Amino acid sequence: MNETSGPQDATDFTATGGCICGQVRFGLIGPVPKVGFCHCSQCRKASGTGSNAVMSIRAEWLVWLSGEDARGGYSLPSGWSTSFCERCGCPTPHQGPTGRYFVPAGSLDGDPGVGVSGHIWVGSKPSWAVIGDDAPQFDEGPPGR
Ligand SMILES: [Zn+2]
Ligand SMILES: [Zn+2]
């Protein structure tokens, strides 16, 4: 696997992304979904801000270009988990309990032009984090779970 940073052929991808140092790179195939925000205390701490912002991607629609094994990770018994570039610390895509990838929306290279799907754990949101869209909001976890 090519572990160096550099230009990648993005022709076949609907979006590409990666970390700041360039060690971790990935591409997405298929439609880029809307962005979901989680305001729970774990996601706040992992992101360092009022929420995280992720896109839920089918596992077969994420293609690692480099650095899949250069990620650190941490998980809790609840099933919450995160992963990050071992060198620069940026959050990177990681697989949730269902096998789907959670892709940090801010890790994409460009603007995929998608909207917001919703906000969960809004009850844990600090007052300084202001929601500026009209997507659905839930005080706790996603409905139906
Ligand atoms: Zn990095
Ligand atoms: Zn969360």
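The values are calculated or read from the model by the stated rules, or taken from the named source; none is laboratory data. From a predicted model like this one, the values you see are computed outputs, not experimental measurements. Don't worry about glycine lacking a Cβ; one is built from the backbone with ideal geometry, like all the others, and counts go over all protein chains shown.
A few remarks follow.
- Pairs with Cβ under 6 Å, 6+ apart, first in the range 62-85 and part of a strand (DSSP E or B), second acidic (Asp, Glu) and away from ligand 2 (no atom under 15 Å from the Cβ): SER66/GLU3; GLY72/GLU86
- Any hit, the range 35-46, residues being farther than 29 Å from GLY141 by Cβ, touching a strand residue (DSSP E or B) at 6+ places or on another chain (Cβ under 9 Å) and more than 16 Å from ligand 1 (Cβ to nearest atom): no
- Residues in the range 87-109 that are over 13 Å from VAL54 (Cβ atoms) and either among the aromatic types (Phe, Trp, Tyr) or modelled with pLDDT of 95 or more (or both): 5 in all.
- GLY106 vs. criteria surrounded by 14 or more Cβ atoms within 10 Å (Cβ to Cβ) and within 16 Å of ligand 1 (Cβ to nearest atom): yes
- Selection from the range 110-132 of residues that are surrounded by 13 or more Cβ atoms within 10 Å (Cβ to Cβ) and in a loop (DSSP other than H, G, I, E, B): PRO112, VAL114, TRP121, LYS125, ALA129, ILE131
- Put simply, of GLY79, GLY72, GLY89 the only residue that is within 13 Å of ligand 1 (Cβ to nearest atom), over 14 Å from the mean Cα position of the chain (by Cα) and small (Gly, Ala, Ser) is GLY72.
- Where PHE37 falls short, out of the listed (1) within 16 Å of ligand 2 (Cβ to nearest atom); (2) assigned to a loop (DSSP other than H, G, I, E, B): (2)
- Subset of the range 22-61 [in contact (Cβ under 8 Å) with a residue 60 or more places away in the chain and either farther than 30 Å from TRP128 by Cα or basic (Lys, Arg) (or both)]: GLN23, VAL24, PHE26, LEU28, LYS34, ARG44
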